[in-house]
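Report on one structure; see the data block that follows.
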2 protein chains.
Amino acid sequence: MRNIKLTIEYDGTHFKGWQLQKPSSRTVQGELLKACAQIFGTKVVLIGSGRTDSGVHALGQVANFKTRSSMPTDEMLRALNAILPEDIAILEAKDVPADFHAQFSVKKKTYRYALLTRPIRAAQERYFCTLYPYRLNIARMRTEAKTLVGKHDFKSFQANDPRRNKKNTIRTISKLIIRKKGDYLFIDIEANGFLYKMVRNIVGTLLEAGAGRIPPGNVKTILKAQSRTLAGKTAPAKGLCLVKVDY
Amino acid sequence: MRNIKLTIEYDGTHFKGWQLQKPSSRTVQGELLKACAQIFGTKVVLIGSGRTDSGVHALGQVANFKTRSSMPTDEMLRALNAILPEDIAILEAKDVPADFHAQFSVKKKTYRYALLTRPIRAAQERYFCTLYPYRLNIARMRTEAKTLVGKHDFKSFQANDPRRNKKNTIRTISKLIIRKKGDYLFIDIEANGFLYKMVRNIVGTLLEAGAGRIPPGNVKTILKAQSRTLAGKTAPAKGLCLVKVDY
């Protein structure tokens, strides 16, 4: 059996997220499974690095599947891109060792959150950023963000969902970079793993700090509280993108 | 009468271009006229800086209209953005002198053409760039582009359309910048005016040069020939964006 690793870009706008659901819900995994079945003439088991929610995008989602096909990977790449809908693109298809597992082998993931900080909504980027038309103290956001970097229990930033909550809520954020570019503010977070809605809850909390609605140093208090009730609102899905997965 | 200048961003994907046509065709001007009629309770005459074709985008299209309304411009801005569909955004509304005319007062316009030069199509930016998956000699494109800068007769780059062709085909390109950014190649062209499909025909011709399909120095020959038959193919609309209009 060959083990094939796919790197996948998608526009999450018109998907009910990554994870296969009932056939009436359009999902990225569902579209990939259909395309694989068509190419290989048989169903495959497709393992993703993790789920992305409805409306969340990816520039470098990763998945793997096993196949007995002898088709060269460049041919798979072409065939998949020819069949897949235009809001999914396979960037790379490669043979990997048998023990590679898109979910369990993950070392680090990087998410990017895009905020448009001007007063007026975007016409062109409307599905790829969240409008934040209020004043933001970016220096303060950066200071507060520093307390999140490192190994911590991120329970305060995990959305409550019995089906998706993790017992072990300790994760290590290796990078948290807030970058201004024109009217956009990008928040890049790299970690060894993420809890459910963790990035969007961190972004919502950093926005509260930047807007001055929580006092300086409060992000540390929220983190230590290990309770979702203190952190800021969950930032909307459309501003979020899974940029890359490292193995 | 007040004279109001609007700066407009739009995603041209789902429009049959700027210019109002039959009611069944969705156009940017048509949507703006509807919104103005709703806000002011009467029809306005809306003058655009120029047309953009079906699928062409704008970050800074400009239009003006006269009104007897006493509504403050910041209120107009909010009202227009509240009514307009999500693929149009008014970035600015301001009072300008009575003699300001969005078309006749134009001093310069800047268009940007976006090419994605990787082998694989974009999922996220699919409506905002043209895929060019072949080898390109960018240095050569830049050399050829230099011969287009300045005051020239651009007849060779005007698409044939009896309704839209200009008698005077002399224009001045003040800037032509080819910029590589990651997998993208951006071609910015600033001129005192553009002929019908001029940017897209220039881009198509520069691509022929970059691909080595026309010999070095040939862009000058094409320019001098003053005939559309020699220039390259018209590049697709979706890669084109009207970035700004200077007055």
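Bear in mind that the values in this text are calculations on the coordinates, not laboratory data. None of the values given here were measured: they were computed from a predicted structure. Virtual Cβ from ideal backbone geometry, glycine too; neighbours counted across all protein chains shown.
Things to note:
- Low-density loop positions, trypsin sites (Lys or Arg not before Pro), the range A:155-247 - DSSP coil, at most 15 other Cβ in 10 Å: A:163, A:164, A:166, A:167, A:213, A:233
- The alpha carbon centroids of the range A:26-100 and the range A:224-247 are separated by 26 Å.
- All-pairs alpha carbon distance profile, the range B:24-106, 10 Å steps from 0, percent: 16, 55, 28, 2
- A simple spin-label model places the labels of residue A:92 and residue B:226 5.4 nm from each other, with each point 7 Å out along Cα-to-Cβ.
- Cα→Cβ-extended label distance, 7 Å offset, between residue A:106 and residue A:153, nm: 2.2 nm
- Hz values of 3J(HN,Hα) by residue in the range A:89-104 - Karplus curve (6.51, -1.76, 1.60), Gly and Pro given as x: 9, 8, 8, 7, 10, 9, 6, 10, x, 4, 8, 5, 10, 4, 8, 6
- Charge dipole of the protein assembly as shown about the Cα centre (unit charges at C-beta), most positive-ward option of A:185, B:84, A:236: A:185
- The range A:102-197 - Rg over Rh from alpha carbon coordinates, Kirkwood radius: 1.01
- Residue A:102 long-range amide H proximity, modeled H, under 5 Å: A:64
- Shielding of peptide B:123-131 by partners, expressed as the average count of other chain Cβ atoms within 10 Å per residue Cβ, is 5.
- Using C-alpha pairs under 8 Å with a sequence gap of at least 6, the mean separation divided by the residue count of chain A gives a relative contact order of 24 percent.
- The value of relative contact order for the range B:107-146, using C-alpha pairs under 8 Å at least six residues apart, is 35 percent.
- Cβ-vector label at 7 Å, residue A:139, separations to other copies in nm: 4.6
- Residues whose placed amide H lies under 5 Å from that of residue A:15, excluding near-sequence neighbours: A:55
- Loop-located chymotrypsin sites (Phe, Trp or Tyr not before Pro) in the range B:73-126 whose Cβ has at most 10 other Cβ within 10 Å (DSSP): B:104
- Near residue B:131, the amide H atoms lying under 5 Å from its own belong to B:116; only residues 5 or more places off or on other chains count, and H is placed 1.01 Å from N.
- Hydrodynamic radius by Kirkwood, which averages 1/r over all alpha carbon pairs of the protein assembly as shown, in angstrom: 25.3 Å
- Working note: Debye formula, equal point scatterers on the alpha-carbon atoms of the range A:133-247, no solvent; log10 I(q)/I(0) at q = 0.10, 0.12, 0.20 Å⁻¹ is -0.27, -0.39, -1.13.
- Shortest-first nm distances, residue B:153 label point to equivalent points in other copies (7 Å, Cα→Cβ): 8.1
- For the range B:1-68, relative contact order (Cα pairs under 8 Å, six or more residues apart, normalised by length) works out to 49 percent.
- Look at where the Cα atoms of the range A:117-139 and of the range B:2-18 average out, and the two centres are 20 Å apart.
- Equivalent ellipsoid dimensions for the range B:182-235 as semi-axes, Å, which come from the Cα gyration tensor, largest first: 18, 16, 10
- For chain A, the spherically averaged projection of the C-alpha convex hull amounts to 13.8 nm².
- Other-copy label distances relative to residue B:96, 7 angstrom Cα-Cβ extension, nm: 5.4
- Cα centre as origin, Lys/Arg/Asp/Glu Cβ charges: chain B dipole, Debye: 980 debye
- Dipole magnitude for the range A:155-202: computed about the Cα centre from +1 point charges on Lys and Arg Cβ and -1 point charges on Asp and Glu Cβ, it is near 180 debye.
- Cα-based shape type of the range B:18-162, given that a ≥ b ≥ c are square roots of the gyration tensor eigenvalues and the cut on a/c is 1.5: prolate
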